[in-house]
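> My questions all concern the structure below.
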Amino acid sequence: MAAVAGQILAGVLLVLIAGSLAAWALLRPWRSWRQRQERSLFEHALKHLFTREHGGEDATVDSVGDAVGISLNKRQGLVTRMADAGLLRSAAEGLHLTVEGRQYALHVIRAHRLWERYLADDANVPMGDLHRAAHRAEHRLTPDEVAALDAHLGYPPTDPHGDPIPRATGECAALAGMSLTDWPIDKPACIVHIEDEPEVVFRQILAQGLRPGQSVRVLERTPHRMILTDGVEEYRLAPQAAAQLQVAAPPQGEPLDTHGLVRLSDLPDGREAEVIAIDEQYRGLGRRRLLDFGLTQGARVCPELRGIFRDPRAFRIRGSLVSLRSEQASRVWVRPIDESQQAA
Amino acid sequence: MTDSRPPVTSEQVLARADELQRKLGERFRDQLVESLYTEAQRIAGRAVRISESSWASLDRRIDRVVTSRVLGLPIMLFMLAAVFWLTIVGSNVPSAFLAGLLMEEGGLSGWLSEYLGVEQAPAILSMSLYEVLHWLFAVVHMPSWLTGLLVDGVYLGLGWVVSVMLPPMAIFFPIWTILEDLGYLPRVAFNLDFLFKRAGAHGKQALTMAMGFGCNAAGVISCRVIDSPRERLIAILTNNFMICNGRFPTIIMLATIFVGAAFPPALMSIAAAGTVMAVVLLGVLFTLVVSYALSRTVLRGEQSAFALELPPYRRPAILRILRTSLIDRTLFVLMRAMATAAPAGAVIWILGNIDVAGKSLALHAVDLLGPLGYVMGLDGVILLAYVIAIPANEIVVPTMIMVYLGAGRMTDVESFSQLRTLLVDQHGWTLLTAVNLMLFSLLHNPCGTTIWTIFRETGSRKWTIFGALMPVAIGVVVTSLVAAVVRLFF
Amino acid sequence: MSRSRRHSLAVLRGRRRLDVEDHRAMTTANNNEASVRQVVSQLGIDVSRYDHVLALAGNPNTGKSTVFNALTGLRQHTGNWPGKTVTRAEGGFEHQGRRYKLVDLPGTYSLLSASQDEEIARDFLLFGRPDCTIVVVDATILERNLNLVFQVMEITTKVVVCVNLMDEARRKGLSVDVGRLSEDLGVPVVAAAARRGEGLTQLLDAVADVVSGAVQPMPRCPEPPPELREAIDELLPLLETLAPGVPNARWLAYRLLEGDHNVRQALLANRLPGVVAEQARQVQRASRKIALEGAQ
């Protein structure tokens, strides 16, 4: 009898141990998933609070809920949990970030913008996809990783949209610009920022070919549309889209006068030319590669070959033959050298 | 260094550096490079004298031809086909010689009569090393299981790999190295860049693919020439679609037995080379399609800068090439193949000779894999061979033959015609089996070394698993589709 | 080459975590072709016994690997396409009774960018502190190649320039005035055609002179742009107080302005003084004294 009882006991024990192990194994990922969800909710809410505060507005439980996208009955709970965590304070007029909350918010924004910069410069992710990818990455990056990323990128002052990237110390430069809708006609301007929400309009703006850093002029403004030019192309924008562009006076120095210049991609085969400049917007590794091959101001360049599909072309640059795709070659402005001069 | 601590801290210096950096902005790098080049131009101008103006005119003329719209592509395909043809034609005789020397019954007598017309071979040549080993083992009264394991398992595995792999590699590698030394490969990358651009990949991927012909692991390493992480990952993941040297013999064998045999003897080698070409081009097609799919889905992004220098043509140093490519590349790959073939030979012998419930272990495994094999137009033996060959692709064919022969020996197969008899008449191979096996040897998991290399290069378990499973998944789907279509219509 | 007896040393790091610079990118560097030779050549040869460490830098396609092979007697595969040497190879040789270890850096067009190759090359020059750096340049496109020479000279003064492919230059009707070049650059310049073995003995002699201190190169680098120069001048004294006597402080200052993570880490971990102090020790241990082992 005793032996049987012992066996039953052992069996029960075994089942219990196995069961609790299984439960632990199953619950662990569930719990960490829950934690990640919570973290991402917190961080979205913090970003919202920070932006509101930066813009001089007060955030409310409902504005937070809308920004984060959770249902009405969960909103209060989120705000309470965040207040318990010491990230925000409720006041009569609305919600305020605590010092800790503001720091946290800055970290998230910093991670987001740096990640966008990284994706744009190093990974060549298209502008339209940056925001969504960074939205996911911002919750994963630790402050140390963000610092390393910052260093790796060489401490960029702005993200690809033109938004200032907060420093590790918590300073955040103010955005120096005004809405394009208020910019005087015909005055040279530089696009400093393109708002990426709402995304549909953002993608439309990008599809037209407008980019931060571009020099533009307003040609015409009516209640229905706005016409811009960068000297080559004309861009038509709806007022709603124009409101998403922030512009400022162009940085020191004249914008490049492209009169008499051609893009390297348009230079006919065998025609020698002098390099004038590389597009200011062409940054990151691509620009450095061009520089490394000696495509600096004043260098002589001559297209020599085309691939069998016509596209990459090979250019003689400082004695060596370098092949470039048309996208890259089009970023280089050159001045063709007169045939007569060339002969001499 | 015993004095008091420094008056400034690292943090302070860094903070100051940060400030200065912000102040400098981005322009200064341009200016720096500009200043370097201005000086370089000045100094080079003083030091270099040009006496004649025949500056590289030959290079230019060659470049015009190899990149011309009309001739560019044909030249490229012709070069590739020529390499394969030379490899196939050149390796027949030495392969047969090695097989005779190492494995066949009757030693070299068969080879002598076939290629030299010598009917009465000297006695000393009429015994292969395999027979000598058997005789030696018998003399010292080794237990039969040990003789089986060592001679019929390990030794035969090695013998196969050496006789099947060594000759093609010893021909392929030097030719390939000559092309590399010549400076032709960058022109190929230049010509094909347009396709890679369309596929969202980097033009230098063509270079890494060329390396993959030799060895996929080397191909994966060479992906470091691509700067952009996104495009490098694409190149790494798709490198396996290039037929490496370990897989060439399989394709060559199948091409010779099933395609070449259908042609008159004079055209046999050309037909075989054409088949190999077709498989290789299919691999290129898969590379482009998969690159396209990746860059439109999980690895979205624009193409990054493609700045490739086209070096001047250089006369290859033939002697040095022979030495480097034969000794380093060929022997290296062969050694690796042998290192996996020896234990694999033993494993196959064990699987084939240990019976459980009336059947050998190998047959149990074959039965298990049989249904999947049928769906894919292959059979259980082939799949088993691919499972055993995960460490190295080279041993697929020997494994298959060993298992087919049941007793775990493969000396009865002396030539391609006998191989054909074994496969077609005894084991029901059809043209479908051959085609699907060629497809599957193109589209299956990378070998163990390559998988490990992918892990080292990407540092990501996720991408390694993806890189290992994606090709085999494509392989299963493609072969199943082909099999289904063929069975439906023929 | 008659005076120098060649022997093979361990070729690549990776499996054998030897000594030098443990950078993430480099630990991944392992070449399959080479590892067999590594095993073979390790037999009976003590890898750590050499007197001097040399680095071999250069643009891709300058015949750098040919120079490497000619000096070490190794058969690192060379190919005529840019970026062939994607891993770093090491070999050794003996010249005039001294043992040298030669480290073949990846071929790069520049040291200023952020690509992996350039990082490997840059960090080795900066933290590996070779006793002499040979920069191989292509005689037929000297102008493009000098860009890298200047950048190397900014990091280290112990530079010997090897103008390779002289045979090809002759075929193309070019002649290079080596004496003039040496005068303008301020470092020894040797003409060579490594494929034919021309000029290698002179190269080794020049290297030996620089290593022993018989010749002290005085590199002449172009003036940086004024804003950059001001910034560097401001950082320089700070760095020198932090790490007295650090030899390439200018370059470190420049890299700080570029936001070089490795330099920052070395600075934060206070390893710059360590690098300097270590250098004062025996030359045999030259290549063991690298910082950065924990960088990431």
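The values are calculated or read from the model by the stated rules, or taken from the named source; none is laboratory data. All of these numbers come straight from a predicted model, not from anything done at the bench. Neighbour counts are summed over all protein chains in view; Cβ atoms, including those assigned to glycine, are modelled from backbone coordinates with ideal geometry. What goes into the accessible areas is simple: the full protein's heavy atoms, side chains included, and nothing from ligands, DNA or RNA. Shrake-Rupley method; radii C 1.70, N 1.55, O 1.52, S 1.80 Å.
> Report P(r) for chain A: all Cα-Cα distances, bin width 10 Å, range 0 to the bin holding the largest distance, values in whole percent.
The percentages, shortest bin first, are 5, 18, 23, 21, 13, 9, 5, 3, 2, 1, 0, 0.
> What would the Debye formula give as log10 I(q)/I(0) at q = 0.13, 0.26, 0.27, 0.28 Å⁻¹ for the alpha-carbon point model of segment A:178-248, no solvent?
Log-scaled intensity ratios, in q order: -0.28, -1.32, -1.44, -1.57.
> Provide A:224, A:44, A:193 ordered by accessible surface of protein heavy atoms (probe 1.4 Å), highest first.
A:224, A:44, A:193
> Let me ask something else. By what distance, in whole Å, do the Cα atoms of segment A:100-153 stretch along each of the three principal axes, largest value first?
34, 22, 14
> If you don't mind, another one. Within straight cross-link reach of residue B:23, meaning Cα distance under 15 Å, which aspartates and glutamates are found once same-chain residues fewer than 8 apart are removed?
Once the sequence-local aspartates and glutamates are set aside, what remains near residue B:23 is C:227, C:230, C:233, C:234, C:258.
> While we're on this one: Any number yet on Rg/Rh for segment A:2-97, C-alpha, Kirkwood?
The Rg/Rh ratio comes out at 1.39.
> Viscosity 0.890 mPa s, temperature 25 °C: what is the translational diffusion coefficient of segment B:92-141 from Stokes-Einstein with a Kirkwood Rh over Cα pairs, rounded to a whole number of µm²/s?
224 µm²/s
> Output ³J(HN,Hα) for segment B:126-135: one whole-Hz value per residue in order, computed from phi by the Karplus curve 6.51 cos²θ - 1.76 cosθ + 1.60 with θ = phi - 60°, and x for Gly and Pro.
Using θ = phi - 60°, the values come out as 8, 9, 7, 4, 4, 5, 4, 4, 4, 4 Hz.
> When all protein chains stay in place, what accessible area (Å², nearest 10, 1.4 Å probe) is found for residue C:223?
That residue has around 110 Å² of solvent-accessible surface.
> Determine which residues of segment B:166-210 fall in the zone a paramagnetic label at residue B:296 would reach in this model, i.e. backbone nitrogen under 14 Å from the point 7 Å along Cα→Cβ.
Hits in segment B:166-210 for residue B:296 at 14 Å: B:198-201.
> Largest first, how would B:227, A:269 line up by accessible area (1.4 Å probe)?
If we order B:227, A:269 from most to least accessible, we get A:269, B:227.
> Would you tally the net charge around residue C:189, using a Cβ to Cβ cut-off of less than 11 Å, leaving residue C:189 out, and scoring K and R as +1, D and E as -1?
Counting the neighbours of residue C:189, the net charge comes to -2.
> Sorting B:43, B:75 by accessible area (1.4 Å probe), largest first, what list results?
Most to least solvent-accessible, the answer reads B:75, B:43.
> Would you please give the residues with an amide H less than 5 Å from that of residue C:99, counting only those at least 5 places away or on a separate chain, with H modeled from the backbone geometry?
Result for residue C:99 returns C:51, C:52.
> Take the Cβ-Cβ distance between residue A:207 and residue A:51 as r, set R0 to 25 Å, and report the resulting FRET efficiency rounded to the nearest 0.05.
0.45
> Restricting things to alpha carbons, find the Rg to Rh ratio for segment B:440-490 using the Kirkwood radius for Rh.
Taking Rh as the inverse mean 1/r over Cα pairs, Rg/Rh reads 1.19.
> Then there is this: In Å, what Rg and Dmax follow from the Cα atoms of segment B:209-358?
Calculated on Cα positions, Rg and Dmax stand at 20.1, 67 Å.
> Averaging sequence separations of C-alpha pairs under 8 Å and six or more residues apart, then dividing by the length of segment A:262-341, give the relative contact order as a whole percent.
44 percent
> Once every DSSP H run of n ≥ 4 in chain A is given -39500 (n - 2.57) and the sum is divided by its residues, what mean residue ellipticity at 222 nm do you get, rounded to the nearest 500 deg cm²/dmol?
Theoretical 222 nm ellipticity from helices: -14000 deg cm²/dmol.
> To the nearest 0.05, what FRET efficiency results for residue B:27 and residue B:355 with a Förster distance of 51 Å applied to their C-beta separation?
0.05
> Now a separate question. If each of residue B:71 and residue B:198 carries a label point 7 Å out from its Cα toward its Cβ, how far apart are those two points in nm?
Inter-label distance under the simple model: 2.4 nm.
> Then there's this: Which log10 I(q)/I(0) values, to two decimals, does segment A:54-134 give at q = 0.11, 0.12, 0.14, 0.21 Å⁻¹ under the Debye formula with one point per Cα?
Ignoring solvent entirely, the Cα scatterers give -0.40, -0.47, -0.61, -0.99.
> How much of the accessible area of the protein assembly as shown, probe 1.4 Å, is carbon plus sulfur, in whole percent?
Ligands and nucleic acids excluded, carbon and sulfur reach 60 percent.
> Further question on the same structure: With each pseudo-label sitting 7 Å past Cα toward Cβ, what's the residue A:243-residue B:270 distance in nm, one decimal?
7.3 nm
> Please give the FRET efficiency for residue C:170 paired with residue C:209, using the beta carbon to beta carbon distance and R0 = 35 Å, rounded to the nearest 0.05.
About 0.85, to the nearest 0.05.
> Also: Can you tell me the alpha carbon radius of gyration of segment A:202-317 divided by the globular rule-of-thumb value 2.2 N^0.38 Å?
Against the compact-globule rule of thumb, the ratio is 1.30.
> Next question, about the same structure. Under 25 Å Cα-Cα from residue B:462, which lysines qualify once same-chain neighbours fewer than 8 residues away are excluded?
B:204
> So if the hydrodynamic radius of the protein assembly as shown is defined as the Kirkwood radius over C-alpha pairs, what does Stokes-Einstein give as its diffusion coefficient at 37 °C and 0.692 mPa s, in µm² per second?
Estimated via Stokes-Einstein, D reaches 99 µm²/s.
> Just to check I understand the Karplus step: with θ = phi - 60° and J = 6.51 cos²θ - 1.76 cosθ + 1.60, what whole-Hz values come out for segment B:260-271, glycine and proline as x?
Couplings: x, 5, 7, 10, x, x, 5, 9, 3, 5, 5, 4 Hz.
> Taking amide H positions as placed in the peptide plane 1.01 Å from N, state which residues far from residue A:315 in sequence (5 or more) or on other chains have amide H under 5 Å from it.
Those lying under 5 Å, H to H, from residue A:315 are A:304, A:322, A:323, A:324.
> A follow-up question, please. Report the semi-axes of the equivalent ellipsoid for segment C:101-146 in whole Å, largest first, where each axis is √(5λ) for an eigenvalue λ of the Cα gyration tensor.
Taking √(5λ) for each Cα gyration eigenvalue gives 19, 15, 8 Å.
> Which three extents, in angstrom, do the Cα atoms of chain B have along their principal axes, listed largest first?
Extents along the principal axes: 83, 64, 60 Å.
> Then there's this: Convert each backbone phi in segment A:33-48 into a coupling constant with the Karplus relation 6.51 cos²θ - 1.76 cosθ + 1.60 (shift: θ = phi - 60°), then list the ³J(HN,Hα) values in order as whole Hz, x for Gly and Pro.
Per residue, the Karplus-derived 3J(HN,Hα) values read 5, 4, 4, 5, 4, 4, 4, 5, 4, 3, 5, 4, 4, 4, 4, 4 Hz.
> Right, another one. State the antiparallel share, in %, of DSSP beta bridges confined to the protein assembly as shown, rounding to the nearest 5.
75 percent
> May I ask for the angle, rounded to the nearest 10°, between helix A:72-84 and the longest principal axis of chain A, with both axes built from Cα atoms and the value confined to 0 to 90°?
90 degrees
> Estimate for me the total accessible surface buried between chains C and B (protein heavy atoms, probe 1.4 Å, no ligands or nucleic acids), in Å² to the nearest 100.
About 6900 Å² of accessible surface is lost on pairing.
> For residue B:118, enumerate residues with amide H under 5 Å from its amide H, sequence gap 5+ or separate chain, H modeled in the peptide plane.
HN-HN under 5 Å from residue B:118: B:113.
> Okay, moving on. Among the aspartates and glutamates, which have Cα under 19 Å from the Cα of residue A:74 when same-chain residues fewer than 8 positions away are ignored?
Counting by Cα, and skipping residues close in sequence, residue A:74 has these aspartates and glutamates nearby: A:38, A:43, A:62, A:66, A:84.
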